[in-house]
1. Restricting to segment 272-305, name every residue that is acidic (Asp, Glu) and within 17 Å of residue 229 (Cα to Cα).
2. Can residue 168 be described as out of contact with any strand residue (DSSP E or B) (no Cβ under 8 Å at 6 or more places or on another chain), of a type in the set (Asp, Glu) and surrounded by 13 or more Cβ atoms within 10 Å (Cβ to Cβ)?
3. Kindly provide the set of residues from segment 250-272 that are within 16 Å of residue 297 (Cβ to Cβ) and assigned to a loop (DSSP other than H, G, I, E, B), ordered by number.
4. If you go through segment 238-262 one residue at a time, how many are surrounded by 14 or more Cβ atoms within 10 Å (Cβ to Cβ) and charged (D, E, K, R)?
5. Does segment 83-99 contain at least one residue that is under 27 Å from residue 235 (Cα atoms), of a type outside the set (Ser, Thr, Tyr) and part of a loop (DSSP other than H, G, I, E, B)?
6. Under 6 Å between Cβ atoms, at least 6 apart or on separate chains: pull out the pairs that start in segment 55-84 with a residue that is modelled with pLDDT under 95 and end on any residue that is within 16 Å of ligand 3 (Cβ to nearest atom).
7. Take the residues of segment 61-78 that are out of contact with any helix residue (DSSP H, G or I) (no Cβ under 6 Å at 6 or more places or on another chain) and more than 16 Å from ligand 2 (Cβ to nearest atom): which is farthest from residue 115 (Cα to Cα)?
Amino acid sequence: MASGNTYFDDMWTNLEAMDPPRNEEMLEVSEQVNDPAQNALKPNLTTVSSVRELLECPVCLNAMYPPIHQCSNGHTLCSGCKPRVHNRCPTCRHELGNIRCLALEKVAASLELPCKYQSFGCVGIYPYYSKLKHESQCVFRPYNCPYAGSECTVMGDIPYLVAHLKDDHKVDMHNGSTFNHRYVKSNPHEVENATWMLTVFSCFGQYFCLHFEAFQHGIAPVYIAFLRFMGDDTEAKNYSYSLEVGANARKMTWQGVPRSIRDSHKKVRDSFDGLIIQRNMALFFSGGDRKELKLRVTGRIWKEQ
Ligand SMILES: [Zn+2]
Ligand SMILES: [Zn+2]
Ligand SMILES: [Zn+2]
Ligand SMILES: [Zn+2]
């Protein structure tokens, strides 16, 4: 691993620069602990944040979880970074050995910290060791941008993502729970995975994403339309939707439950949880000379009782 060496060269430099401030933090903790008057007045807030800093791995800066390691001089290190430092303490460069820092692990167990999505509205406070698990399921955790095909990395709450879809992806926004949409593509033989459309609907005080796209399924290209709910799965289940496509006295209908945008666009598509139109049928519905794809999709969203 040649690249690993370069990484650690950078890290040595950073750590040397960081050393003095860390010693100050340690002093701060002992001052707090030895001052009962101050502890009684302020319910350990300063102590908690100092202990929290002690629990930050000096290498990756992530919170440390057991087993927490230390060198013979007492510098700590997380278990993820330990195998990567070639048995040298990254702080003092002495041999690292195999010493576990049980005291710090126990101090961590007594800590209670707010969920990291506090600024998104979560008021939960969790013991240090169960905080991660909560955060992985916290209903206030931000959503990924639901726009398909662009590998967009934007995250946020729903109002933020709605504005982002409108401003940055130029997505069509519609008010109301019924729709009538025409999808036209001049060369239906060019079917690639990246052919997709997204429309956002606003109704019942909620937002829904209507996806329409062509993708290659085996050797046959197919079209799929499906709806996703901009919110959590538990709430998505309160809604249903129907889609209909047809022409020449034939029609196909689909009724389903919108999937939460917590499920990736690809996951929903690959599970065929939507209106699937085979290419032959799509061309038939398009009429004309099969040179143009012209589908009219109508739909409705409603709230279940
Ligand atoms: Zn680390
Ligand atoms: Zn050390
Ligand atoms: Zn939370
Ligand atoms: Zn985006």
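The values are calculated or read from the model by the stated rules, or taken from the named source; none is laboratory data. Note that the structure is predicted; figures quoted are calculated from it, not measured. With ideal geometry, Cβ positions are generated from the backbone for all residues, glycine too; neighbour counts draw on all protein chains shown.
1. 273, 304
2. Against the criterion (out of contact with any strand residue (DSSP E or B) (no Cβ under 8 Å at 6 or more places or on another chain), of a type in the set (Asp, Glu) and surrounded by 13 or more Cβ atoms within 10 Å (Cβ to Cβ)), residue 168 qualifies.
3. Listed by number, the list holds a single entry, 258.
4. Number of matching residues: 3.
5. Checked segment 83-99: no residue is under 27 Å from residue 235 (Cα atoms), of a type outside the set (Ser, Thr, Tyr) and part of a loop (DSSP other than H, G, I, E, B).
6. Within 6 Å, the pairs are 55/63.
7. 67
Matching residues to (1) at pLDDT below 90; (2) closer than 28 Å to residue 300 by Cα; (3) away from ligand 1 (no atom under 16 Å from the Cβ); (4) buried (at least 17 other Cβ atoms within 10 Å of the Cβ):
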site	(1), (2), (3), (4)
91	no, no, no, yes
114	no, no, yes, no
122	no, no, yes, yes
137	no, no, yes, no
141	no, no, yes, yes
173	no, yes, yes, no
